[in-house]
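Asks: Sharing a structure here in structure tokens format.
The values are calculated or read from the model by the stated rules, or taken from the named source; none is laboratory data. Remember, predicted model here, so these are calculated numbers, not experimental data. Note: ideal-geometry Cβ built from the backbone for every residue, glycine included; neighbour counts use all protein chains shown.
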Amino acid sequence: MGKNLEDMMKTLQQIINEIERRENLNKLGPFPQYNREVIEDFKIIKEMISQKKDYDNVPVTYCKTCLSLKVKNIENPNVAYCVDCGNTDLEETHILDWEKLYEAEYGEKFLNTNKDD
Ligand SMILES: [Zn+2]
């Protein structure tokens, strides 16, 4: 069930819009309304999609503890760790599977543009 390029570009545009929306809202108040870590994850995904041009087949390395994609030293698995929680228990999967894990863990889709909070 491969998405075509058009769908991928749409997803990419949604992510770009969502990053912009959250960053703009965060600038308004004294306290950020949106979790900055999540915005950083969005940016990582945006970069990956931009480079790979294939949303379905993007492999991601994520932290098994907090599901963050912010993994340091990703090129060397022996010393790689999660920037958010420091854990070294990492796993690689496809981005769509990671999204399912994220939804199961946090009760909402990672990319949910219909939500208007
Ligand atoms: Zn983590």
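Asks: Under 6 Å between Cβ atoms, which residue pairs at least 6 apart in sequence (or on different chains) link something in the range 68-84 that is in the same structural domain as Tyr106 (by TED's automatic domain parsing) and assigned to a strand (DSSP E or B) with a partner that is aliphatic (A, V, I, L, M) and within 8 Å of the ligand (Cβ to nearest atom)?
Replies: Lys72/Val83
Asks: Related question: Kindly establish whether Pro59 is surrounded by fewer than 13 Cβ atoms within 10 Å (Cβ to Cβ) and in contact with a His (Cβ under 8 Å, 6 or more places away or on another chain).
Replies: On the way: surrounded by fewer than 13 Cβ atoms within 10 Å (Cβ to Cβ): yes; in contact with a His (Cβ under 8 Å, 6 or more places away or on another chain): yes.
Considered against the rule, which asks whether it is surrounded by fewer than 13 Cβ atoms within 10 Å (Cβ to Cβ) and in contact with a His (Cβ under 8 Å, 6 or more places away or on another chain), Pro59 comes out as yes.
Asks: Separate question: Which residue pairs have Cβ atoms closer than 9 Å, lie 6 or more positions apart in sequence or on different chains, and pair a first residue in the range 1-14 that is under 16 Å from Asp97 (Cβ atoms) with a second residue that is at pLDDT 80 or above and exposed (fewer than 10 other Cβ atoms within 10 Å of the Cβ)?
Replies: From residues that are under 16 Å from Asp97 (Cβ atoms), there are no pairs.
Asks: I'm trying to understand the selection: among the residues of the range 79-114, which are among the hydroxyl-bearing types (Ser, Thr, Tyr), within 16 Å of the ligand (Cβ to nearest atom) and closer than 21 Å to Ile15 by Cα?
Replies: Step one: list which residues in the range 79-114 are among the hydroxyl-bearing types (Ser, Thr, Tyr), which gives 81, 88, 93, 102, 106, 113.
Narrowing the set further to residues that are within 16 Å of the ligand (Cβ to nearest atom) leaves 81, 88, 93, 102, 106.
Within the range 79-114, Thr93, Tyr102, Tyr106 qualify.
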